[in-house]
Structure formats: C-alpha cells, structure tokens
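A short worksheet on the structure shown next.
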Amino acid sequence: MELYHNNMSACSQKVRVVLAEKNLKVVEHHLNLGAGDSHQPDYLKLNPNGVVPTLIDDDQVIIESSVICEYLDDTHPEVPLSPEDAVQRAHMRVWMLAPDAGLHGWISTLSFAIAWRHQDRSEQIKLWSTEVKAARMDLIENGLMAAAVKPQLKKVVQTLGKMGKALQHSSWLAGSTYSLADVALLPYVVRLNDMQMSWIWEESDKMEAIADWLARSQERSGYAGIADYLEPNSIEVMRNFGLQERRAIADLLGD
C-alpha cells in the first residue's frame with residue numbers, strides 16, 4: 001500500500017492512527033501542502049479534490065479520510081476498530097461524520113487565527129480560491145477578531161460538550177471499545193491541546209472526561225500515527241501563540 005499524506009494534516013493523522021493501530025506498513029509520500037504539492041497534475045490524477053490523504057492498495061485509489069479508515073478496517077479486520085454491537089457501530093458512524101459536518105473547518109479557522117497566521121503563507125495563498133482566500137486573509141490579518149472565529153469557536157466547544165457527555169457514560173465515544181469514532185475526533189482534540197486550549201475541558205465538570213480519554217488515546221499504539229509526525233516548529237508556534245491568546249479566547253467564550 002501507498003499513502004500520500006502530510007505530517008500535520010488532521011485527515012492524514014486519522015489514517016495514520018488506523019495504520020498504526022493495525023501495525024500496517026505503507027510506502028509514504030509526504031506532500032508539502034504549502035508548496036502546492038497536492039495541486040500538481042500527477043497528484044490530481046489520483047485525487048481530483050487536491051487534498052490529502054490518498055491511499056493506493058493494489059492499484060485501487062481510495063480517497064477521503066473517513067472512507068480510507070473504514071476501508072482499512074474492512075480489509076484488515078484482525079485488529080477491529082468497529083464495535084461488534086450494531087447500535088454502537090451506528091454511534092461510531094455519527095461521530096465519524098463530525099469532521100465533515102463542520103469540525104474540520106472550525107478547527108482550521110482556529111488554527112489560522114491563533115497560529116498559522118504567524119507563518120509564511122505566501123505560496124499557499126496563490127492556491128486558494130477567491131472564497132477561501134477572503135476568509136483566510138481575514139483570519140491572517142485579524143486573528144481572533146476575524147468574523148468567523150467567535151461562532152466557530154463556540155461550535156467547537158459544543159462538540160467538546162457532546163464528547164464530554166458521551167464519555168460520562170462510556171469508556172470511549174461509541175461505547176465500551178476504542179473505535180473509528182475516537183480516531184475521527186482525536187486529531188482535532190490533539191490540535192486544541194497543542195494550541196494550549198485544554199483548559200476548556202479541564203475546567204469544565206461536563207467536559208473533564210475528555211482529559212482522561214485523550215491520555216488513554218495517547219497511550220495506544222495508534223498514537224504513533226500522530227506523535228511520530230509532529231513538526232517541532234509548528235508545535236512551538238501553536239503553543240506559544242495559544243498561550244498568548246488564552247485570555248482573548250476566554251473572553252470570546254464569555255460573551
């Protein structure tokens with residue numbers, strides 16, 4: 001198998017967590033998204049959407065991270081990541097929808113507003129559509145004061161609230177076993193944690209169970225799919241500016 005991915009991409013992280021959980025080896029092709037690697041003609045032939053990840057298995061091209069995760073679970077069931085119980089599997093799939101239902105975009109907004117705005121994006125800007133460019137330039141220029149930040153921050157906290165509620169009643173998001181539900185949410189909670197935003201759940205009685213869930217997730221073999229690829233410079237930017245913006249974030253949530 002071959003995997004086209006990016007180190008810090010949340011969608012790539014999901015797939016790598018599944019690969020690590022199942023101890024599956026792939027030939028890796030790292031794409032520099034800032035340099036436009038995912039928009040090169042050869043890659044667009046594999047993935048016309050111009051995003052990562054893309055999995056190739058016996059000449060079959062599989063795209064979309066959630067689809068890839070389920071594909072790997074179906075084709076390599078020796079280490080199952082789907083509950084046996086049908087109801088828990090249904091709950092798992094609902095959680096798997098969360099990133100595409102908005103969470104991925106909301107976390108991206110916060111990442112730009114807090115951290116990525118402080119990095120050179122001159123080459124990447126050239127690749128953005130007019131709509132994306134307008135939204136991200138607002139984030140780059142105005143940070144947490146950009147129009148999109150406050151409503152999307154509150155939606156992120158709402159999602160964390162749902163996670164906290166689920167984890168009050170079960171060990172993992174979809175039930176008693178670690179599953180693709182946990183894999184789907186893990187990269188986004190890790191991103192918030194890297195931006196020093198863990199206080200949001202640690203200081204809430206309704207969300208504090210997320211801290212234990214995150215710690216247990218990080219102890220699993222699958223976490224290597226995230227930890228082994230973290231870029232120190234990006235982590236430093238997220239942590240430093242996340243600390244600086246804590247009060248401003250708290251003010252936005254308090255309004």
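The values are calculated or read from the model by the stated rules, or taken from the named source; none is laboratory data. Nothing here was measured: the structure is a model prediction, and the numbers come from that model. Reconstructed Cβ throughout: ideal geometry from the backbone, glycine too, with neighbour counts over all protein chains shown.
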Subject >> Residue check for GLU70: more than 30 Å from ASN233 (Cβ to Cβ), surrounded by 17 or more Cβ atoms within 10 Å (Cβ to Cβ), not hydroxyl-bearing (Ser, Thr, Tyr) and not assigned by TED's automatic domain parsing to the domain that holds ALA148 >> reply: yes
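Just give me the residues in the stretch 25-47 being outside any helix (DSSP H, G or I) and within 21 Å of the chain's Cα centre (by Cα), in sequence order.
First pass over the stretch 25-47, keeping only residues outside any helix (DSSP H, G or I): 25-32, 36, 40, 47.
VAL26, GLU28, HIS29, HIS30, LEU31, ASN32, GLY36, ASN47, listed by residue number.
Mind listing whichever residues of the stretch 55-104 are more than 26 Å from MET163 (Cβ to Cβ) and in a loop (DSSP other than H, G, I, E, B)?
The answer is ASP58, ASP59, HIS76, PRO77, GLU78.
So which residues in the stretch 116-125 are surrounded by 13 or more Cβ atoms within 10 Å (Cβ to Cβ), assigned to a helix (DSSP H, G or I) and not basic (Lys, Arg)? Steps first, please.
Going residue by residue through the stretch 116-125, those that are surrounded by 13 or more Cβ atoms within 10 Å (Cβ to Cβ) are 116-119, 121, 124-125.
Still in the running and assigned to a helix (DSSP H, G or I): 116-118, 124-125.
Once the filter is applied, which keeps residues that are surrounded by 13 or more Cβ atoms within 10 Å (Cβ to Cβ), assigned to a helix (DSSP H, G or I) and not basic (Lys, Arg), the stretch 116-125 yields TRP116, HIS118, GLN124, ILE125.
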Original post:
Given PRO53, PRO80, PRO48, which one is in contact with a Cys (Cβ under 8 Å, 6 or more places away or on another chain) and not assigned by TED's automatic domain parsing to the domain that holds GLY222?
Top reply: PRO53
Original post:
So which of GLU203, GLU245 ends up being out of contact with any Lys or Arg (no Cβ under 9 Å at 6 or more places or on another chain), surrounded by 15 or more Cβ atoms within 10 Å (Cβ to Cβ) and acidic (Asp, Glu)?
Top reply: GLU245
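Just checking, which of LEU173, LEU160 is more than 28 Å from ASP74 (Cβ to Cβ), in contact (Cβ under 8 Å) with a residue 40 or more places away in the chain and surrounded by 20 or more Cβ atoms within 10 Å (Cβ to Cβ)? Steps first, please.
Working: LEU173 fails: more than 28 Å from ASP74 (Cβ to Cβ).
Answer to the check: LEU160.
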**OP:** Return a yes/no flag: does the stretch 58-75 have any residue that is out of contact with any helix residue (DSSP H, G or I) (no Cβ under 8 Å at 6 or more places or on another chain), of a type in the set (Gly, Ala, Ser) and closer than 18 Å to PRO187 by Cα.
**Re:** no
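Going by what's in this entry, would ASP59 be described as of a type in the set (Asp, Glu), surrounded by 12 or more Cβ atoms within 10 Å (Cβ to Cβ) and over 19 Å from the mean Cα position of the chain (by Cα)?
On the way: of a type in the set (Asp, Glu): yes; surrounded by 12 or more Cβ atoms within 10 Å (Cβ to Cβ): no; over 19 Å from the mean Cα position of the chain (by Cα): yes.
Against the criterion (of a type in the set (Asp, Glu), surrounded by 12 or more Cβ atoms within 10 Å (Cβ to Cβ) and over 19 Å from the mean Cα position of the chain (by Cα)), ASP59 does not qualify.
With respect to ALA134, determine if the residue is free of Cβ contacts under 8 Å to residues at least 24 places away in the same chain, in a helix (DSSP H, G or I) and not hydroxyl-bearing (Ser, Thr, Tyr). Steps first, please.
On the way: free of Cβ contacts under 8 Å to residues at least 24 places away in the same chain: yes; in a helix (DSSP H, G or I): yes; not hydroxyl-bearing (Ser, Thr, Tyr): yes.
So ALA134 fits the description; yes.
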**OP:** Restrict the check to the stretch 13-22 and report whether at least one residue is out of contact with any His (no Cβ under 8 Å at 6 or more places or on another chain), surrounded by fewer than 21 Cβ atoms within 10 Å (Cβ to Cβ) and modelled with pLDDT of 95 or more.
**Re:** yes
Original post:
Looking at (1) among the acidic types (Asp, Glu); (2) out of contact with any strand residue (DSSP E or B) (no Cβ under 8 Å at 6 or more places or on another chain); (3) under 26 Å from TRP213 (Cα atoms), can you tell me which one ASP120 breaks?
Top reply: (3)
Original post:
Scanning the stretch 126-155 for residues that are at pLDDT 95 or above and in contact with a Ser or Thr (Cβ under 9 Å, 6 or more places away or on another chain), which turns out surrounded by the fewest Cβ atoms within 10 Å (Cβ to Cβ)?
Top reply: ALA148
Original post:
Give me the pairs: first residue in the stretch 80-108 and in contact (Cβ under 8 Å) with a residue 24 or more places away in the chain, second residue assigned to a helix (DSSP H, G or I) and of a type in the set (Phe, Trp, Tyr), beta-carbon distance under 6 Å, and six or more apart or on different chains, which are they?
Top reply: LEU103/TYR188; ILE107/TYR188
